[in-house]
Amino acid sequence: MVAAAIRVEATTAPTAGSALHVQDVSHQFKLHGEPLAVLERVNLQVAAGEFVAVLGPSGCGKSTLLRLVAGLEPPSAGRLFIDGELIAGPHPSRVVVFQDPTLYPWRTVWRNVALGPEAQGNLQAKRGRVAEALKLVGLTGFENAYPHQLSGGMAQRVALARALVNDPQLLILDEPLGKLDSLTRIAMQSELVSLWQNAGFTVLLVTHDVEEALFLAQRVIVFSDRPARLKTEIVNALPYPRHRGDPRLAELRHAVLAQLGLDATW
Amino acid sequence: MIAQLIRAAAPKPRGAVVALAANDEMQLITIAPAAARARGVPRLVRRASGPLLLLLLWHVLSVTGLLPDTVLAGPATVLSSTAELLASGELQAAIWTSLYRALTGLLIGGSVGVALATISGLFRLGEDLVDAVMQMLRTVPSIALIPLLIIWFGIGEAPKIALIALATAFPLYINVYAGIRNVDVTLVEAGRTLGLSQAGLIRHVVLPGALPNALVGLRYSLAVAWLALVFGEQINATAGIGYLMSNAREFFQTQVIVVCLVVYALLGITVDLIVRVLERTLLSWRPAFSGT
Ligand SMILES: Nc1ncnc2c1ncn2[C@@H]1O[C@H](COP(=O)(O)OP(=O)(O)O)[C@@H](O)[C@H]1O
Ligand SMILES: [Mg+2]
C-alpha cells in the first residue's frame, strides 16, 4: 500500500520534461507527383525542460518539423527520439497546440478539455485537473460554453488547457498566438512563460514573430528557406521574468533579423 | 420544401436602432423591417388568410353544385366523412398500418444506408467495394423496381416495406458518407495527439462530425419514405391508407380520397417536425443553426 502511494506521488509530481533529439531528419512531400523537399538534414537537440523557439520564412517547413516531432507523420529520412526512444506515433505526453484552436464544435469547453483524459480512460481521476487547467487559462465559468461562443483568444486558451491537462512532457506549439490580437498575445506570452516555469515541461515553439521568440525562448533556431536547414541558433540567456523593453532583447532582435536577411529594415 | 427554403433564406425581421446627430441633438429613430411595419394585421393571420379563402371558394363551388361530388367532394362532406371514418376506427387502423410500413422500411433502409456509409466512409477498402455499387444503384429510381419486388416478395407487406427500405437507404447513405468524408482532418489530427485510439477517433470525432449531414440525410429519407409508401400501397393493399384510397376510388368516394390525402400530408408534416426537434436538440452547438 505504502509503495503504491509513493509511486502515485512520483508520477504526478512535476517533472523536468522530455529531451528531444532530431537526428539527420529530411522530409519530402509529393506535390503534383513531384517530390518537394521540405526538411533537409535537420539536427536539433532540445534538453529536458528547455524552451526552444523555431523561426523561419513562411512555408519553409516549420510545421512539418513539428508534425514529425508530434508523431503525426514519419520522416522520409532520419530519426527522432524522445528521451532516447524513437518517436513512432502521437502520444499525449507530446501534445500539440495548433495555430487554429481545432476545438470540437459539438463539445462544450469542459468536454473539449476533458477529451485527453477521456481518451486515456482516466477522466474520473482527472476531473480536478480539468478544472485546474481551465482556471490556469482564466476560463473558469465558461465550462458549458460551446466553441462558437468564444472569442479567438478564449478558444486558443481552451486549446492550451486541453493540452496542459495531459501533463505534457513536451509541449509543441505551432504559432499558437499567431492569430490573436496584440494585447491578447502579449498577455498569453507571459502566461506561457509562467506555465512553463511552474509545470517544468519542455517547449518547442514555432513562431513567425521574432520578438515573441526572443521574449519567450532560451534558444532561438533560425531555419533557411525551403528546404529548411538549420541556419543559426541564438542563445538567449536573459533570466525570467523578462522585460519587453530590455535593450538586450533589442540587440538580439537585430541579430536575428540580420540572419533572416532583414537587417536593412532595422 | 421550396417554401421552407425560401423562408430559411429570408432574413429574420429585426428592429434596428439608428442614432442620428442633428443640430447637436441625439435622436433615436427606430427602423422597423417591412414585415413588422404592415399595419395592424398580425403576420400569422395574413398568412393564414390565403388558404382560408381557398377553402371558402371550394366550399362555395361545392354547395352551388359547380363542383360535383363525383369530381371532388366539398369540405363539409370531407369533414363528415372524416368523422365517420374515425368513429368506425377505420382511419386509425389505416394510419397505424401505413405508419408501421413507413417506419419499418425506414428503419431497415436507414440502418443499411448508415452502415454502408460508415464502412465506405471510414475504410478505403470499404469505399472501393461499396461506393461504386451504391453510386450505380442510386441512379435507378426505386419506384421502377416495383415489378421486380412483386416477383421477389409477392403482394403482401414485404414488397411495400422493401420498396420503402430501398428508397430510404440512398439519401442516408449519400449524406452520411459525405459527412464522414468532410470531417475536418485537423480535428482528427488533434484527436490523435490527444491520444485517441482509432475507435476513439471514430466515436468522438468522425461520427459527431458527420451528424449534421446525417440529419439532412434523415430528412430526405423521410421525404422519400412517404413517396415510396404511397406507391407501395398501390400494390394490392388490404389495409392502410392506400387501401382506403383504392377502395374509395372503386366507389367514387372522392371525400374519402381527400381525407387520405390530408392524412398523408399531416403524417409528413408531423415526421418532419420530429426531425426538426431532433436537429434542434442534437445540433444546438452549431453557430449556424438559427432555429427553424
Ligand atoms: N501534406 C502536404 N502535401 C504537400 N505539400 C505539403 C504538405 N504539407 C506541407 N506541404 C508543403 O511543405 C512546405 C512546408 O510547409 P510547412 O511546414 O507548413 O511550412 P511552415 O514553415 O510555414 O510551417 C510548404 O511549401 C507546403 O506547401
Ligand atoms: Mg506553419
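Structure summary
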| quantity | calculated |
| --- | --- |
| Cα pair distances in the range A:103-167, grouped into 5 Å bins until the bin that holds the longest one, percent each | 4, 22, 35, 25, 12, 3, 0 |
| Within straight-line cross-link reach of residue A:30, lysines at Cα separation under 30 Å, skipping those fewer than 8 residues along the same chain | A:62, A:179, A:231 |
| Binned Cα-Cα distance frequencies in the range A:5-150 - 5 Å width, integer % | 2, 8, 13, 17, 16, 15, 13, 10, 5, 1, 0, 0 |
| Three semi-axes of the equivalent ellipsoid, the range A:217-266, Cα gyration tensor, whole Å, largest first | 22, 14, 6 |
| Descending principal axes extents, the range A:146-200, alpha-carbon based, whole Å | 30, 24, 17 |
| Whole-number D in µm²/s for chain A (Stokes-Einstein; Kirkwood sum over Cα pairs; 37 °C, 0.692 mPa s) | 169 µm²/s |
| In Å², nearest 10: area of residue B:153 left accessible to a 1.4 Å probe | 100 Å² |
| Compactness of the range B:76-282 as Cα Rg over 2.2 N^0.38 Å, two decimals | 1.23 |
| Rg/Rh for the protein assembly as shown, where both radii come from Cα atoms and Rh is the Kirkwood radius | 1.12 |
| With DNA, RNA and ligands ignored, accessible area of residue B:64 (1.4 Å probe; Å², nearest 10) | 90 Å² |
| ³J(HN,Hα) computed for each position of the range A:165-179 - Karplus, 6.51 cos²θ - 1.76 cosθ + 1.60, integer Hz, glycine/proline x | 5, 8, 6, x, 8, 10, 9, 9, 10, 9, 6, x, 10, x, 9 |
| With DNA, RNA and ligands ignored, accessible area of residue A:206 (1.4 Å probe; Å², nearest 10) | 0 Å² |
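The values are calculated or read from the model by the stated rules, or taken from the named source; none is laboratory data. Every value quoted in this text rests on a predicted model; they were computed, and no experiment measured them. What goes into the accessible areas is simple: the full protein's heavy atoms, side chains included, and nothing from ligands, DNA or RNA. Shrake-Rupley method; radii C 1.70, N 1.55, O 1.52, S 1.80 Å.
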